[in-house]
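K.L.:
Next up is a structure, given as structure tokens.
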Amino acid sequence: MKLDSIDDLVIVISEAVVSLGIGSFVAWYVIKKTGKGKEDAAAIKAKAILKDAEAEAEVLKKNKILEAKEKFLQLKTEHEKAIAERDKNVIINENRLKQKERDMSQKIEQAQRKQQETEALQQQLRGQIQGVEQRKEELAKMHTKQVEALEKISGLSVEQAKTQMVEALKAEAKTDAMSYIKDIMDEAKLTASKDAKKIIIQTIQRVATEHAIENAVTVFNIESDEVKGRIIGREGRNIRALEAATGIEIIVDDTPESIILSGFDPVRRELARLALHNLVSDGRIHPARIEEVVAKVKRQLEDEIVEVGKRTTIDLGIHGLAPELIRMIGRMKYRSSYGQNLLQHSREVANLCAIMAAELGLNVKLAKRAGLLHDIGKVPEDEPELPHAILGMKLAEKYKENAEVCNAIGAHHDEIEMTSMISPIIQVCDAISGARPGARREVVESYIKRLKDMEALALSYPGVEKTYAIQAGRELRVIVKSEKISDKQAEVLSFDIANKIQTEMTYPGQVKVTVIREMRSVNYAK
């Protein structure tokens, strides 16, 4: 049994005393009841019981006292620990307060030192300002003395000296202006002829004529619908053989007495049309006969192409062209640019160039030759990855054409620098023939959309401020923010934009991507 406090000990002792009293009373009562005869035995038994009760009470008392002492020692130890912990916390808090006091003292000292330094600096600045004011006053006095001395020496007042100086400057300015005007007039006389030629070129550019537009399909007329079945053949073998031999899609539908030949290449469409004509006229239509007729018509068409080229050069009075160039001119009949027939366009440009060169006093033959050949780069079938103007220039150089003609061909879309007066004539005449309404079939909405898409593509890159598609979409100028894009990054950006345009957009010719980075440094004088 454990004792929790001194009060518990007192209660235990009280219980022992009560038990002893009860025991004594029981012993007395027993002796009284048993009578006197048994008085001695009862007395002895009562004494024994009393003795045992006393012994038990004594043991109980000792045990309770020991437990009370142990509890007291335990409480004392816990109390001492709590006091020690509290003292430790008090010491830690005192140390923190002392450290904060020391830090505060240091900050106060630093603030005082800064305040003293500021006051010293302000005092120094006030001294300097006073010195500057004194210096200004001294300079003003010196300036006044010098002006007075000059007035005495020259015998003129300040206003009179100013008036004389202005008059002298006026005379000098008039002399310089007259000399400048004379130089301008001399230069104008020297360049008047060149400027007049440019004005004539710009005036002729306004000329416009009607022009027919070709389609991407050819309609082949037949006498009756029975011929359609013969052309199609059993299970469509004839029409499949014809499409495989010519590369043209042959559409046989419900349209009466007609068959549609569809293809982007006019040469192939003409080949299919002539082959069909021969097959229908002969009446024998089967795969072997189709291959034979197509091969024969192809040879005839090649001969016709050469004949067209020769006839064109003779009509225009152009001589000495290489045979391969003549063949290419003949192939122009079956080529188109945005729906405009290439041979008609080139003949028209050649005639316009001849008239313009004659008006300007230039070489008419060279101008007509360059006008006819300016789009020769659109004819080759392999179509290498080069702009048609550069490819045409390389072909002309390959077949030993005049250097001015080669330059005019290569420069008519500004891919290279113009080196002669024939070059701008070719460029202007090309614009006259191709840029007027109805000459070409490209839809204005799709053209504008392509330009907007090109600008938006470049504008999506970080650091790009503005984008402009110029020269009808042949050049894209990208203005970047100088604080975000460095010179090296500008080179990389130009390369990335060009690659993205090449992979994601469809466009004629080539697109030149120019990244412009402008550095400005601005300051204000107050």
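K.L.:
Considering only residues that are open to solvent by less than 100 Å² (accessible area, probe 1.4 Å), at pLDDT 85 or above and in a loop (DSSP other than H, G, I, E, B), which ones fall in the range 381-411?
P.N.:
Scanning the range 381-411 gives Tyr399, Glu401, Asn402.
K.L.:
With respect to the numbered conditions (1) open to solvent by 10 Å² or more (accessible area, probe 1.4 Å); (2) aliphatic (A, V, I, L, M); (3) closer than 19 Å to Lys400 by Cα; (4) under 45 Å from the mean Cα position of the chain (by Cα), which one is the sole condition not fulfilled by Leu321?
P.N.:
Against the list (1) open to solvent by 10 Å² or more (accessible area, probe 1.4 Å); (2) aliphatic (A, V, I, L, M); (3) closer than 19 Å to Lys400 by Cα; (4) under 45 Å from the mean Cα position of the chain (by Cα), Leu321 comes up short only on (4).
K.L.:
Could you list all residues from the range 242-261 that are within 19 Å of Val227 (Cβ to Cβ) and either open to solvent by 40 Å² or more (accessible area, probe 1.4 Å) or out of contact with any Leu (no Cβ under 8 Å at 6 or more places or on another chain) (or both)? Even if it seems obvious, please write down each step before you answer.
P.N.:
In the first step, residues of the range 242-261 are kept if they are within 19 Å of Val227 (Cβ to Cβ); the result is 242-243, 245-246, 248-261.
If the condition is that a residue be within 19 Å of Val227 (Cβ to Cβ) and either open to solvent by 40 Å² or more (accessible area, probe 1.4 Å) or out of contact with any Leu (no Cβ under 8 Å at 6 or more places or on another chain) (or both), then Glu243, Ala245, Glu249, Ile251, Val252, Asp253, Asp254, Thr255, Pro256, Glu257, Ser258, Ile260 are the ones that fit.
K.L.:
Need the failing condition index for Ile199 against (1) part of a helix (DSSP H, G or I); (2) at pLDDT 65 or above; (3) among the β-branched types (Val, Ile, Thr), just the number.
P.N.:
The failed condition is (2).
K.L.:
Next question, about the same structure. So how many residues does the range 151-169 have that are at pLDDT 75 or above and either surrounded by 11 or more Cβ atoms within 10 Å (Cβ to Cβ) or of a type in the set (Ser, Thr, Tyr) (or both)?
P.N.:
Matching residues across the range 151-169 total 1.
K.L.:
Shifting gears a bit: Report, ordered by the first and then the second residue, all pairs with beta carbons closer than 6 Å, sequence separation of six or more or different chains, a first member in the range 311-336 that is over 14 Å from Lys365 (Cβ atoms), and a second member that is at pLDDT 85 or above and not in a helix (DSSP H, G or I).
P.N.:
Ala322/Tyr399; Leu325/Tyr399
K.L.:
Which of the residues belonging to the range 509-526 are open to solvent by less than 60 Å² (accessible area, probe 1.4 Å) and touching a residue at least 60 places away in the same chain (Cβ under 8 Å)?
P.N.:
Going residue by residue through the range 509-526, those that are open to solvent by less than 60 Å² (accessible area, probe 1.4 Å) are 509, 511, 513-515.
The answer is Gly509, and nothing else.
K.L.:
Let me ask another. Looking at (1) open to solvent by 10 Å² or more (accessible area, probe 1.4 Å); (2) over 23 Å from Glu302 (Cα atoms), can you tell me which one Lys333 breaks?
P.N.:
(2)
K.L.:
Taking the range 353-376, which residues are in a helix (DSSP H, G or I) and open to solvent by 10 Å² or more (accessible area, probe 1.4 Å)? Talk me through it step by step, then tell me what you get.
P.N.:
Taking the range 353-376 first, the residues in a helix (DSSP H, G or I) are 353-360, 364-373, 376.
The answer is Ala354, Ile355, Ala358, Glu359, Leu360, Val364, Lys365, Leu366, Lys368, Arg369.
K.L.:
Next question, about the same structure. Regarding the range 297-317, can at least one residue be identified that is within 20 Å of His345 (Cα to Cα), open to solvent by less than 50 Å² (accessible area, probe 1.4 Å), in contact with an Asp or Glu (Cβ under 8 Å, 6 or more places away or on another chain) and not hydrophobic (A, V, I, L, M, F, W, C)?
P.N.:
no
K.L.:
Also, quick follow-up: Please count how many residues of the range 111-132 are open to solvent by 100 Å² or more (accessible area, probe 1.4 Å) and among the small types (Gly, Ala, Ser).
P.N.:
Looking only at that region, the number is 0.
K.L.:
I'm checking my understanding of the structure. Among residues of the range 453-491 that are in a helix (DSSP H, G or I) and under 24 Å from Glu415 (Cβ atoms), which one is most open to solvent (accessible area, probe 1.4 Å)?
P.N.:
Within the range 453-491, the first condition is being in a helix (DSSP H, G or I), and the residues that meet it are 453-459, 487-491.
So of that shortlist, the ones also under 24 Å from Glu415 (Cβ atoms) come out as 453-455, 457-458, 490-491.
Numbers: Asp453: 66, Met454: 0, Glu455: 55, Leu457: 19, Ala458: 0, Ala490: 12, Glu491: 120 Å².
This residue is Glu491.
K.L.:
I'd like the residue in the range 262-293 that is without any contact (Cβ under 8 Å) to a residue 24 or more places away in the chain and part of a helix (DSSP H, G or I) and, out of all such residues, is surrounded by the fewest Cβ atoms within 10 Å (Cβ to Cβ).
P.N.:
If we take residues in the range 262-293 being without any contact (Cβ under 8 Å) to a residue 24 or more places away in the chain and part of a helix (DSSP H, G or I), then Ser281 is surrounded by the fewest Cβ atoms within 10 Å (Cβ to Cβ).
K.L.:
Restricting to the range 492-503, what's the tally of residues that are of a type outside the set (A, V, I, L, M, F, W, C) and surrounded by 12 or more Cβ atoms within 10 Å (Cβ to Cβ)?
P.N.:
Total meeting the criteria: 4.
The values are calculated or read from the model by the stated rules, or taken from the named source; none is laboratory data. On a predicted model such as this, the values are computed, not experimentally measured, just so you know. All Cβ positions, glycine included, derive from the backbone under ideal geometry; neighbour counts span all protein chains shown. For the accessible areas, the whole protein counts, side chains as well, though only heavy atoms, and no ligand, DNA or RNA atoms are used. Shrake-Rupley method; radii C 1.70, N 1.55, O 1.52, S 1.80 Å.
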